[in-house]
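Visitor: What follows is a single structure, and I will ask about it in a moment.
The values are calculated or read from the model by the stated rules, or taken from the named source; none is laboratory data. Computed from a predicted structure; not experimentally measured. When we count neighbours, we look across all protein chains shown, and the Cβ atoms used for this are built from the backbone with ideal geometry, even at glycine. Ligands, DNA and RNA are stripped out before the accessible areas are found, and what is left, the full protein with its side chains, is counted by its heavy atoms. Shrake-Rupley method; radii C 1.70, N 1.55, O 1.52, S 1.80 Å.
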Amino acid sequence: MDVKTLCLGVLSRGDHSGYEIRKQFETGPFAHFQDAGYGSIYPALKKLTEDGHVVAVTQAQDGRPDKKVYRITAKGRQILFDAVNAPPGEDKIRSDFLFVLCFADLVAPGDLDRMIEARMAFHRGVIEGLEAKGKEARRVSDGQDFVRRYGIAMHRAALTFLDEHRHELLGAQFQRDVAE
């Protein structure tokens, strides 16, 4: 999805400032499967405003600069509807961790083991966080709950794979170091 569509998705749930939209991708419901930073959110909001897909209202704040709060328009809702009803593109996994593992032969075995252990701890933490969100009293949509549970399943699968197969990578490194 492009950032304009991501912004429309967030705004379909309520009015937000650019900062609040960013938070949805840092710690909110989209944090585990989408990313959007300020450098792409604000240009997207500018274009969405120019195209009439959102409107911006300036809100005064006590002791702080005014902030712009964005609201999706009927035209913006139609654009979002069209986007979510089109076939989605292929998922792409972008991972610094996987990139490093491609070059595992350049990493000291002890460092590699610690890196894998740290990634396993990361997956455990994400699972714990997603499970906690499922216990919150606040009602979410069926789609949001489905995505949350899908995320848990994906992180559990990654955790299980690392746990069951890390010895293969570490063993290969050990064998190579012994041969040298």
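Visitor: If you roll a 1.4 angstrom probe over the protein chains with everything in place, what fraction of the accessible area of the range 1-48 belongs to carbon and sulfur, to the nearest %?
Guide: Ligands and nucleic acids excluded, carbon and sulfur reach 53 percent.
Visitor: With unit charges on the beta carbons (Lys and Arg positive, Asp and Glu negative) and the dipole taken about the Cα centre of the chain, which residue among 45, 104, 151 sits farthest to the positive side?
Guide: About the Cα centre, the residue reaching furthest to the positive side is 45.
Visitor: Okay, next question. Provide the FRET efficiency to the nearest 0.05 for the residue 51-residue 90 pair, computing r from the beta carbons and using R0 = 25 Å. Intermediate results must be reported in sequence, preceding the final value.
Guide: Values: r = 27 Å, r/R0 = 1.07.
Taking R0 as 25 Å, the efficiency between residue 51 and residue 90 is 0.40.
Visitor: Contact order normalised by length for the range 47-130, with contacts defined as Cα pairs under 8 Å and 6 or more residues apart; what percent is it?
Guide: That works out to 18 percent.
Visitor: Can you compute the helix-only [θ] at 222 nm over the chain? Use -39500 (n - 2.57) per DSSP H run of at least 4 residues, normalise by all residues, nearest 500 deg cm²/dmol.
Guide: Taking each H run of at least 4 residues, the total per residue is -21000 deg cm²/dmol.
Visitor: Could you calculate the FRET efficiency of residue 146 with residue 103 from 1/(1 + (r/R0)^6), where r is the beta carbon distance between them and R0 is 41 Å, rounded to 0.05?
Guide: For R0 = 41 Å, the calculated efficiency reads 0.70.
Visitor: Here is a follow-up. Hey, rough spin-label estimate for residue 132 and residue 81, points 7 angstrom out along Cα→Cβ, what's it come to in nanometres?
Guide: Between residue 132 and residue 81, the simple spin-label model gives 3.8 nm.
Visitor: Express in nm, to one decimal, how much length is gained between residue 117 and residue 1 on full extension, taking 0.36 nm for each residue of separation and deducting their alpha carbon distance. It would help to have the intermediate numbers written out before the result.
Guide: Values: separation 116, 0.36 × 116 = 41.76 nm, distance 3.20 nm.
Gain on extension, residue 117 to residue 1, equals 38.6 nm.
Visitor: Would you work out the relative contact order for the chain, in percent, from Cα pairs under 8 angstrom that are 6 or more residues apart?
Guide: Working: 144 pairs, mean separation 32.9, N = 180.
Across the chain, relative contact order equals 18 percent.
Visitor: Name the residue farthest towards the positive end of the dipole of the chain from the options 161, 63, 141, assuming +1 on Cβ of Lys and Arg, -1 on Cβ of Asp and Glu, about the Cα centre.
Guide: About the Cα centre, the residue reaching furthest to the positive side is 63.
Visitor: Now a separate question. Among (i) 21.0; (ii) 17.3; (iii) 19.3, which one is Kirkwood radius over Cα pairs in Å computed from these coordinates?
Guide: (iii)
Visitor: Using DSSP to call loops (not H, G, I, E or B), can you name the trypsin sites (Lys or Arg not before Pro) in the range 51-158 whose Cβ has at most 12 other Cβ atoms within 10 angstrom? Before the final figure, lay out the partial values.
Guide: On the way: sites: 67, 68, 71, 75, 77, 92, 94, 114, 119, 124, 133, 135, 138, 139, 148, 149, 156; in loops: 92, 94, 138, 139.
Here the trypsin sites (Lys or Arg not before Pro) that fit, given the DSSP loop and packing criteria, are 92, 94, 138, 139.
Visitor: Using a cut-off of 14 Å between beta-carbons, work out the net charge of the residues near residue 58 (Lys and Arg +1, Asp and Glu -1, residue 58 not included). It would help to have the intermediate numbers written out before the result.
Guide: Numbers: positive: 64, 67, 68, 71; negative: 15, 66.
Charge balance near residue 58 sits at +2.
Visitor: Give me the net charge for the shell around residue 48: Cβ to Cβ below 13 angstrom, other residues only, Lys and Arg +1, Asp and Glu -1. Before the final figure, lay out the partial values.
Guide: Values: positive: 4, 46, 47, 68, 71, 75, 77; negative: 2, 50, 51.
Result for the neighbourhood of residue 48: +4.
Visitor: Tally Lys/Arg at +1 and Asp/Glu at -1 over every other residue whose Cβ is under 12 Å from the Cβ of residue 12; what's the total?
Guide: Net charge in that neighbourhood comes out at +2.
Visitor: Enter the accessible area per residue of the chain (Å², integer; probe 1.4 Å; all protein chains in place). Write down the numbers at each step before the final one.
Guide: Values: 12060 Å² over 180 residues.
I get 67 Å² per residue for this part.
Visitor: While we're on this one: Give a quick list of GluC sites (Glu not before Pro) in the range 103-175 that DSSP marks as loop, anything other than H, G, I, E or B, with at most 11 other Cβ atoms within 10 Å.
Guide: 136
Visitor: A further question on this structure: Work out the charge dipole of the chain with +1 on the Cβ of Lys and Arg and -1 on the Cβ of Asp and Glu about the Cα centre, then indicate which of 73, 85, 127 is farthest towards its positive end.
Guide: Comparing the listed Cα positions along the dipole, 73 ranks first.
Visitor: Quick one: grab Rg to one decimal and Dmax as a whole number for the range 111-152, Cα atoms only, in Å.
Guide: Answer for the range 111-152, Rg first and Dmax second: 13.5, 43 Å.
Visitor: So if we plug the beta-carbon distance of residue 17 and residue 164 into 1/(1 + (r/R0)^6) with R0 = 30 Å, what FRET efficiency do we get, rounded to 0.05? Don't jump to the answer; show the numbers that get you there.
Guide: Numbers: r = 45 Å, r/R0 = 1.49.
After rounding to 0.05, the efficiency reads 0.10.
Visitor: Given Cβ point charges of +1 (Lys, Arg) and -1 (Asp, Glu) and nothing else, what value in debye, to the nearest 20, does the dipole of the range 58-140 about its Cα centre take?
Guide: 760
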